[in-house]
Amino acid sequence: MWIEENDKLQATFKFKDFMEAFSFMTEVAFYAEKQNHHPNWSNVYNTVEIHLNTHDAGGVVTEKDHLLAKAIDGVFEKYK
């Protein structure tokens, strides 16, 4: 589900409603904080868009991004 282009990993996640999308974002925030790697993301109603790249590596995709993407996928599995 992740696409790598323009020096970022990108994915879009759809949920049944706003509360589910917000709950997903809250859980992802704990993983991001634990990894000290914070996503660029947006939320409109039931849709969350996430863009990952590593700012301190010059704004390119690194292993940090792939690790956080994997954690995000694990969170999303709970909502399927």
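If the condition is being under 11 Å from the mean Cα position of the chain (by Cα), outside any helix (DSSP H, G or I) and among the β-branched types (V, I, T), then the range 1-30 contributes only T12. Taken over the range 43-72, the criterion of being without any contact (Cβ under 8 Å) to a residue 12 or more places away in the chain, surrounded by 12 or more Cβ atoms within 10 Å (Cβ to Cβ) and not in a helix (DSSP H, G or I) is satisfied by T62 alone. Could you tell me whether E33 is closer than 16 Å to H66 by Cα and assigned to a strand (DSSP E or B)? Against the criterion (closer than 16 Å to H66 by Cα and assigned to a strand (DSSP E or B)), E33 does not qualify. Scanning the range 32-47 for any residue that is among the aliphatic types (A, V, I, L, M) and in contact with a helix residue (DSSP H, G or I) (Cβ under 6 Å, 6 or more places away or on another chain) turns up nothing. The residues listed here are K14, K34, K8, K78; of these, the one that is basic (K, R) and surrounded by 14 or more Cβ atoms within 10 Å (Cβ to Cβ) is K8.
Readers should treat all values here as calculations from the given coordinates under stated rules, not as data from a laboratory. These numbers were taken from a predicted model, which means no experiment stands behind them. FYI the Cβ positions are ideal-geometry reconstructions off the backbone, even for glycines, and counts take in every protein chain you see.
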